[in-house]
1. Starting with the fewest neighbours, write out 14, 86 ranked by other beta-carbon atoms found within 10 Å of each beta-carbon.
2. If we count every other residue with Cβ under 14 angstrom of residue 65's Cβ, Lys/Arg +1 and Asp/Glu -1, where does the sum land?
3. Which whole-number percent is the relative contact order of the chain (Cα, under 8 Å, 6+ apart)?
4. Helix 13-38: angle to the longest alpha-carbon principal axis of the chain, degrees 0 to 90, nearest 10?
5. Quick one, which of (1) 13.9, 45; (2) 17.1, 60; (3) 15.2, 43 is the actual Rg and Dmax of the Cα atoms in Å calculated for this model?
6. Once you put a point 7 Å from the Cα of residue 38 and another 7 Å from the Cα of residue 82, both along the Cβ direction, what distance in nm separates them?
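Taken together, the values in this text are just the output of simple stated rules run on the coordinates, not laboratory data. In this text, all values refer to a predicted model and were calculated from it rather than measured experimentally. Cβ placement follows ideal geometry from the backbone for every residue including glycine, while neighbour counts extend to all protein chains displayed.
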Amino acid sequence: MGNVFPFIHMFNVKAFALACGIFWSVSLVLFGLITMQTGMGLSLVNMLSEMYLGYGPTFIGLIYGAVWGFLDGLVCGAIFAWLYNKIAG
């Protein structure tokens, strides 16, 4: 019968996972920096610190957040891309 959707492309799992890891790591650092400078978003940073051990609106907290965010984004991105490829392919 052939492929019904020939235009559907597959994700490169490694590239997508890396992009997700970098994006989430940078996002957590930006959230923390904004909170450090303005005090805005403190409740968001506090909520995220419940999930990411050591994360907070401090310099060391930003480093912890960047590492945890990268690992979390990497794993979640890899799972998402792998699952998408299995369903689409």
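1. Numbers: 14 12, 86 9.
The most exposed by this proxy come first: 86, 14.
2. Details: positive: none; negative: 50, 72.
After counting each charged neighbour, the total is -2.
3. On the way: 111 pairs, mean separation 38.7, N = 89.
Normalised by residue count, the contact order of the chain is 43 percent.
4. It works out to around 20 degrees.
5. Identified label for the calculated read-out: (2).
6. Going from the residue 38 label point to the residue 82 one covers 3.8 nm.
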